[in-house]
Ligand SMILES: *Cc1c(COP(=O)(O)O)cnc(C)c1O
């Protein structure tokens, strides 16, 4: 008796056609990506109906997606999508990500595949790209939120260790008071403070330097000096804030942390990349003195979503807290890490492969080029805004984000005008930007983080801003 041919077996026998069709769709999307609306707003309703009881087969399902839905997606991987800090996907990373699905490896445990050794190699390449010493170890995560979470977990365990408590086992109530000091923590750090049990109320705001988002290190020193000696202190410093691109003075912060026995965490989700570029590396000077560092792959490295990673000098704390190897997972890893014990997830996507492929394909020089190009583009847009009567910078351009706003005619409310202008700008489709606020003033952020963006795009961005001003007035 032979097995009946299931639709999946039939599709698998026809995999070449299926993948060719998917490839054609991606090619069509990419070939038009620069002319596609950057954000898509026409019809973003949910398709209704139930899934069919008997499926259509993969070719027909792909057809249906193509006909009805493909065009309803944002060109967020394209050159003029400047929202959030979105990144893009280099050709090598895109191809590698297809392989990730094709190979479908779980990198949580080593020992039965080259996937973990290659992941480890990609990780170590990143560590050297950022000039970090071998005392740092870590793992890939789903993003910088996941990286912040693992780093705060390490800091939490360190806080317990100093008081002779294993917080992972005994809980926070058994432990010492923990306080976190930060001038401008990213929203995701506030979130993971909640997840970690430390609580977002434990975050003590540290004064900022003047009107910047950077930490006033004298204020940090005063705060740590005034805090009770028994309090365990964690400092969360920024290497690149999302709106003002502020970098805390990490040398000074690290010295203060050493003096007051505080854990230093640095959130460098995209700003850590400055450290890979000689003429920008002064911004992250001192980062190697941190106890833990957060970074993202799916932003400036331009690998597809999702990918983050972290570095810490105390990986033992994370492995102790996260290490819960049941017998069925306790395989001989041949000396390679059990990433299971270094991240939240028990099963992990082979997200290092696009990183590995990116560095193989373009090298450190290729990564530096993306950073340099994007910073040059941000600077150019910044100069244009400074010279314009219609727009003004809300803060000087430091790296890759331009935070600005329109100056409306005197009779109009500036915040309302800027909201309307941003809507008009995004609706026109030429570019996509997101709102920003700086020192209480509502504005607009343009974040350059895509390898595809060229000088001609900056010219188009300026024209789109002028057009949207005309439309709003
Ligand atoms: C984007 C970002 C995060 C959060 O990263 P995700 O990858 O979205 O989880 C954290 N910190 C900073 C500074 C960021 O820019």
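On the principal axes of its alpha-carbon atoms, the range 387-473 has extents of 40, 27, 22 Å, going from largest to smallest. Dividing the summed helix terms, -39500 (n - 2.57) for each DSSP H run of n ≥ 4, by the number of residues in the chain produces a 222 nm estimate of -13000 deg cm²/dmol to the nearest 500. Computed from the alpha carbon atoms alone, the convex hull of the range 38-78 holds 81 Å³ per residue.
Comparing the chain with the 2.2 N^0.38 Å rule of thumb, its C-alpha radius of gyration ratio is 1.05 (two decimals). Ordered by the number of other Cβ atoms lying within 10 Å of each residue's own Cβ, fewest first, 300, 263, 125 fall into the sequence 125, 263, 300. Taking a ≥ b ≥ c as the square roots of the eigenvalues of the alpha-carbon gyration tensor, the range 67-131 is classed oblate because a/c is 1.5 or more while a/b is no larger than b/c.
Of all beta bridges that DSSP places with both ends in the chain, some 60 percent have antiparallel geometry.
Taking every alpha-carbon pair in the range 359-424 and binning the separations at 5 Å intervals from zero gives 3, 17, 18, 17, 15, 9, 7, 6, 4, 2, 1, 0 percent.
When Rg and the Kirkwood Rh are both derived from Cα coordinates, the Rg/Rh ratio for the range 197-351 amounts to 1.01.
Counting beta carbons within 10 Å around each of 177, 53, 120 and listing the fewest first gives the order 53, 177, 120. Binning the alpha carbon pair distances of the range 5-63 at 5 angstrom intervals from zero yields the distribution 4, 13, 17, 17, 18, 16, 10, 4, 1, expressed in whole percent. Its residue count N fixes a reference of 2.2 N^0.38 Å for the range 206-279, and the Cα radius of gyration divided by that reference is 1.13. With neighbours defined as other Cβ atoms within 10 Å of a residue's Cβ, the residues 167, 33, 315 order from fewest to most as 33, 315, 167. In terms of its Cα atoms, the range 27-136 spans 53, 38, 23 Å along the principal axes, sorted from long to short. Under the shape rule built on the C-alpha gyration tensor, where the axes satisfy a ≥ b ≥ c, the range 111-201 is prolate, since a/c reaches at least 1.5 and a/b is greater than b/c.
Bear in mind these aren't lab numbers, they're just calculated from the coordinates by the rules spelled out. Since this is a predicted model, take the numbers as computed values, not measurements. Note that we place each Cβ from the backbone using ideal geometry, even for glycine, and neighbour counts take in every protein chain shown.
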